[in-house]
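Working notes, beginning with the structure itself.
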Amino acid sequence: MTPPDPTRSAPPEPVGADPGAPGPAARWVRLGLRIVPPVMLIAAIWVLWREFHKLNFAAVSAHVADWGLSSILLAIVLSVVSFLLMGAIEWVGLRWTGARVPLGATQVGSFMANAIAHAIGANLLISSAVRARFYDRYGVSLTQVAGTTLFGAVAFGVGLSALSGAGLLLASHEDLARTAIPPAVGRGLGIALLLGAAGYVVLCALRRTAITAFGRSVTLPSLGDAVAQLILGVVDNGVAAAILWILLPHGGPSYATFIGAYAVACIVGLASSVPGGVGVFESAMAALLPGVEAAALAAAFLGYRLSYYILPLILASAALGIETLRSARRD
């Protein structure tokens, strides 16, 4: 994570790199990246069919009706809070790169970038493209856009790691036994995740000189920025997970236990490269929470996707369209 140089419009290419002649390792990586997503999607479709093929519309509708107006409104409010937290992370990231954008404008740019990228997929690429277009008027360079996008991605990863690690450690033995996560594995994984998040913050505090690798210089954020990434990332991921958790019926897994399964499903969904992790995320959650009734889980997935993906996508697309028309008129 290197604060971009505002005088450059693109990061330097690695010294001595020959993009026309990738090595054997690079070719294997590219082949893997092409094969893994469809394989994971096929596996997800099979898991979803196995878990939900016996469902009927009436059973799912009954669970949707059980939500009540309060749960629906709470899910929408939590979605709004999550996007506001993403905007706060983006504001810190922009300042870290040297860009100065008003907080209100940052919230708008962050909402459009994240809402569209979450639903379409290819998060880093799509969100960077939206940011580049919106922040151009504020003099934000392409390298600053790239740095801001990466800053937010690290905040998400560190926050998810810390939150899920704490959840796996705080969950009772009985709660973990109700999931597909063996208690001993859950405890060990929780410790590893917490150590990983803490290690990142410690590294940012101790390593102030640039790290050179593959022809690029990498400077980590300051301790204050790393702590901000951790805190905002934890709260944002916690709020996002709560959207799905509150839509589950009473008597389901505790929030501490649920967050561990949610984190694993998020990672699997992101690794699949499927837009929004659709199908892959749901199949992972279904496999990790076998004690939750299939109809209730399907209903919760529906509410989660509508409030956290579909509705924000519609609003962000409309906002981006309006912004594009305004820019055309100004030009």
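The values are calculated or read from the model by the stated rules, or taken from the named source; none is laboratory data. On a predicted model such as this, the values are computed, not experimentally measured, just so you know. With ideal geometry, Cβ positions are generated from the backbone for all residues, glycine too; neighbour counts draw on all protein chains shown. Surface accessibility is based on the protein's heavy atoms, side chains included, excluding ligands, DNA and RNA. Shrake-Rupley method; radii C 1.70, N 1.55, O 1.52, S 1.80 Å.
Within the stretch 74-109, can you find the residues that are under 17 Å from residue 138 (Cβ atoms), part of a helix (DSSP H, G or I) and β-branched (Val, Ile, Thr)? Step through it out loud before you land on a result.
Of the residues in the stretch 74-109, the ones under 17 Å from residue 138 (Cβ atoms) are 87, 90-109.
Within this subset, residues satisfying the condition of being part of a helix (DSSP H, G or I) are 87, 90-97, 103-109.
Matches in the stretch 74-109: 92, 97, 106, 108.
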Output yes when any residue across the stretch 172-185 is within 20 Å of residue 221 (Cβ to Cβ) and either outside any helix (DSSP H, G or I) or open to solvent by less than 40 Å² (accessible area, probe 1.4 Å) (or both), and no when none is. no
Residue under evaluation residue 297, criteria (1) of a type outside the set (Phe, Trp, Tyr); (2) modelled with pLDDT under 80; (3) surrounded by 21 or more Cβ atoms within 10 Å (Cβ to Cβ), criterion not met: (2)
Checked the stretch 192-223 for anything more than 22 Å from residue 95 (Cα to Cα), open to solvent by 90 Å² or more (accessible area, probe 1.4 Å) and at pLDDT 75 or above; matches are 195
Any chance the stretch 183-201 includes a residue that's over 22 Å from the mean Cα position of the chain (by Cα) and within 17 Å of residue 158 (Cα to Cα)? no
